[in-house]
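Student: What follows is a single structure, and I will ask about it in a moment.
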Amino acid sequence: MPILKKRSFSIAGHRTSIALEPEFWKVLEEQAYAERMPLAGLVARVDASRGERPLASALRVYALMRAVAQSTGPL
């Protein structure tokens, strides 16, 4: 069973906690750093564009897309 790492953020004026595998957090942190923005800003951006998908799922998909793009070039 994978170990999840939980983090809390303020998004759109409310607090939320998100539990993801450390590997996903690493990709998200690297992307936020590359874009010179706080991790909370990146999470808020994904939240704003996720549609009906749960936030944790949207973050996993975003991290997967970034990891694939880094390894193979732009999607």
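We did not get these values from a lab; they are worked out from the coordinates using the rules stated. The structure presented is a predicted model; accordingly, all values stated were derived computationally and were not measured. Note that each Cβ is placed from the backbone with ideal geometry, even for glycine, and that neighbours are counted across all protein chains shown.
Student: Specify which residue in the list G13, A69, G51 is farthest towards the positive end of the charge dipole of the chain, using unit charges on the beta carbon of Lys, Arg (+1) and Asp, Glu (-1), about the Cα centre.
Tutor: Value: G13.
Student: With +1 on each Lys and Arg Cβ and -1 on each Asp and Glu Cβ, how big is the dipole of the chain about its Cα centre, in debye rounded to the nearest 20? Kindly include the intermediate steps, with their values, before the conclusion.
Tutor: Values: 11 positive and 7 negative charges, 33 e Å.
With Lys and Arg at +1 and Asp and Glu at -1, about 160 debye.
Student: For the chain, what is the relative contact order in percent, using Cα pairs closer than 8 Å and at least 6 residues apart in sequence?
Tutor: Details: 65 pairs, mean separation 18.9, N = 75.
It rounds to 25 percent for the chain.
Student: Could I ask something else about it? Which ³J(HN,Hα) values, rounded to whole Hz and listed in residue order, are derived for the range 17-33 from phi using the Karplus coefficients 6.51, -1.76 and 1.60 in 6.51 cos²θ - 1.76 cosθ + 1.60 with θ = phi - 60°, glycine and proline given as x?
Tutor: Ordered by residue, 3J(HN,Hα) equals 10, 10, 10, 9, 5, x, 5, 5, 4, 4, 5, 5, 4, 5, 5, 4, 4 Hz.
Student: Taking θ = phi - 60°, what integer Hz values does the Karplus form 6.51 cos²θ - 1.76 cosθ + 1.60 yield along the range 40-56, in sequence order, with x for Gly and Pro?
Tutor: 4, x, 5, 4, 5, 5, 5, 4, 5, 10, 7, x, 8, 5, x, 4, 4
Student: Here's another thing I want to ask about it. Give the label of the value calculated from the structure for log10 I(q)/I(0) by the Debye sum over Cα atoms at q = 0.16 Å⁻¹, choosing from (i) -0.71; (ii) -0.56; (iii) -0.61.
Tutor: (ii)
Student: Follow-up question, since we're still on this one. Tell me which residues come under 5 Å, amide H to amide H, from E21 once H is placed; ignore anything under 5 positions away on its chain.
Tutor: K5
Student: Given the -39500 (n - 2.57) contribution per DSSP H run of 4+ residues, what per-residue ellipticity at 222 nm results for the chain, rounded to the nearest 500 deg cm²/dmol?
Tutor: Values: 3 runs with 41 residues, N = 75.
Computed ellipticity for the chain at 222 nm equals -17500 deg cm²/dmol.
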